[in-house]
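The values are calculated or read from the model by the stated rules, or taken from the named source; none is laboratory data. The structure displayed is predicted, hence computed values, not measured ones. We place every Cβ from the backbone using ideal geometry, glycine too, and count neighbours over all the protein chains shown.
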Amino acid sequence: MNTTTEVSSAACKVLAPSSRQALRLLRENMGPDALVLSNRVTPHGIEIMATLEEELATMMTAGARSGSPVPNIQSELAPAAAPEEGSILREIHAMRGMIEDQLASLSWSEKQKQDPLSGRLLRALLAAGFSARLAQSILATMPSGQSYTSGLDYAKSELARQLPLLEDETALMDQGGVYALIGPTGVGKTTTTAKLAARCVMRFGSKKLALVTTDSYRIGAYEQLRIYGQILGVSVHAVKDPADLERALLDLADKHMVLIDTVGMSQRDRAVSDQIAMLCTSSRPIKRLLLLNASSHGDTLNEVVQAYRHSTQTPGGPDLAGCIFTKVDEATHPGSLVDMAIRHQLPVHYISNGQKVPEDLLSVNRQALIEQVFMANSQSALFVPGEADLDQKPQPVTTQAEQATATAIWRLRSQCQQVIETLKGTEQVQDFGANITPGAPIRQE
């Protein structure tokens, strides 16, 4: 095919069979210092548009002084297919993000040099599963002059102090009431319901307890709970909708305690809101206990708490009564559980650490739980890199080199911000996403 070249006072556009030929034509017309503005693949070949750095700076300066939009270079050449909206702005925002990451890295390195103990303690907390926000807030209040051992002891004591717990299990059992165990699929609701039922039966007998299940979706869900009920001598009832639940609770008004095993749903399932609304609108108050899987990622647990906390249908409804940690025996970084309980102020009622009924349901001891969190680190923590994996050992650099780097990054960041402000609200030339990077100078191959 033939090659074409269109040149204006501001830019040059070439169309060639390949990127190599197009770049060669640009070099011949504009020299090796031309900047690529855009590139795209057309039915007729590779189209590349470029301009000189002086021309681009002149247009940006003129637009910034006058407050008018920067001239559209494409309109000076020839009509072309509509470019992808906002692509060049996304590229510049990405550049700004990279610069900010570099600045954060420099700031972190400097902080590490000034206070290496805090950095070491922060890594220990992150490795245990705690979020950076909670870890930094705890270390910010740590007294100065600590060793690593005393600093870690201080962090543990602060975590234990801030962790909300069910302080008196006897008071909960004596008070009685209706409790619903809620949570995502597979978190252990049915097994935990059986464990709680066994504790209740041992305390005040089987006649004072009843079990209810709303799980009509999972095959064998009712049968599993019915078998537990037969072993404990407790009646089991199945409900399908709010009306069934209302009738069942009226029939069970003479029971000291009723435990409801709910259907498991993903935290992103819209039906979660319907389930919460059903439990919150009952005439008999239902206290909801959220089960949190210790082997889940912290961000997943955060989603679960937010999804199961309130219903969109009853925004002013009662809050969660507390939470139960499950599958603690399977977790490698259970700190995320403690982090979630502290952040959302959910009192921890029990810890489930196995399948045995009722032995593997334990009351919570603050100090023991925090110690267990720091002892549970995996021997092969592939997803929690250490210093050797990240090569975080500070390299010896001079003060002048550090200052020069920081100054260069600051200038580049300012230039990017200036370009973003100039291009906002305009239809400046966009990046068409080919393999040639816009903004890159054309050099001799």
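Descriptive notes on the structure:
- Qualifying residue in segment 139-147 (condition: out of contact with any Phe, Trp or Tyr (no Cβ under 6 Å at 6 or more places or on another chain) and surrounded by 18 or more Cβ atoms within 10 Å (Cβ to Cβ)): yes
- Odd one out for LEU337 among (1) under 24 Å from ILE276 (Cβ atoms); (2) within 22 Å of the chain's Cα centre (by Cα); (3) at pLDDT below 90: (3)
- Leading residue by the ranking (nearest to MET265 (Cα to Cα)) among those in segment 167-186 that are at pLDDT below 90 and not in a helix (DSSP H, G or I): THR185
- For THR192, the criteria (1) assigned to a loop (DSSP other than H, G, I, E, B); (2) within 25 Å of VAL272 (Cβ to Cβ) hold in every case but one, which is (1).
Listed here are the residues, each with its yes/no results for (1) part of a loop (DSSP other than H, G, I, E, B); (2) in contact with a Cys (Cβ under 6 Å, 6 or more places away or on another chain).
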residue: THR332; (1), (2): yes, no
residue: VAL338; (1), (2): no, no
residue: ARG343; (1), (2): no, no
residue: LEU346; (1), (2): yes, yes
residue: ILE351; (1), (2): no, no
residue: VAL357; (1), (2): yes, no
residue: VAL364; (1), (2): yes, no
residue: LEU369; (1), (2): no, no
residue: GLN372; (1), (2): no, no
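- Of the residues making up segment 226-276, those that are under 35 Å from the mean Cα position of the chain (by Cα), touching a residue at least 60 places away in the same chain (Cβ under 8 Å) and crowded, with 19+ Cβ neighbours inside 10 Å are LEU259, ILE260, ASP261, THR262, GLY264, MET265, GLN275, ILE276.
- Yes/no for THR214 being out of contact with any Pro (no Cβ under 6 Å at 6 or more places or on another chain), at pLDDT below 90, surrounded by 13 or more Cβ atoms within 10 Å (Cβ to Cβ) and of a type in the set (S, T, N, Q): yes
- Residue, surrounded by the fewest Cβ atoms within 10 Å (Cβ to Cβ), within segment 277-302, restricted to residues that are closer than 19 Å to PRO318 by Cβ and of a type in the set (D, E, K, R): ARG284
- Residue within segment 196-204 that is assigned by TED's automatic domain parsing to the domain that holds GLN275, outside any loop (DSSP other than H, G, I, E, B) and among the aromatic types (Phe, Trp, Tyr) present: yes
- Residue count, segment 123-163 (criterion: part of a helix (DSSP H, G or I), over 25 Å from PRO347 (Cβ atoms) and not aliphatic (A, V, I, L, M)): 5
- Among residues of segment 295-306 being modelled with pLDDT under 90 and touching a helix residue (DSSP H, G or I) at 6+ places or on another chain (Cβ under 6 Å), the one that is farthest from HIS256 (Cα to Cα) is GLY298.
- Residue within segment 83-101 that is modelled with pLDDT of 90 or more and either outside any helix (DSSP H, G or I) or of a type in the set (Gly, Ala, Ser) (or both) present: no
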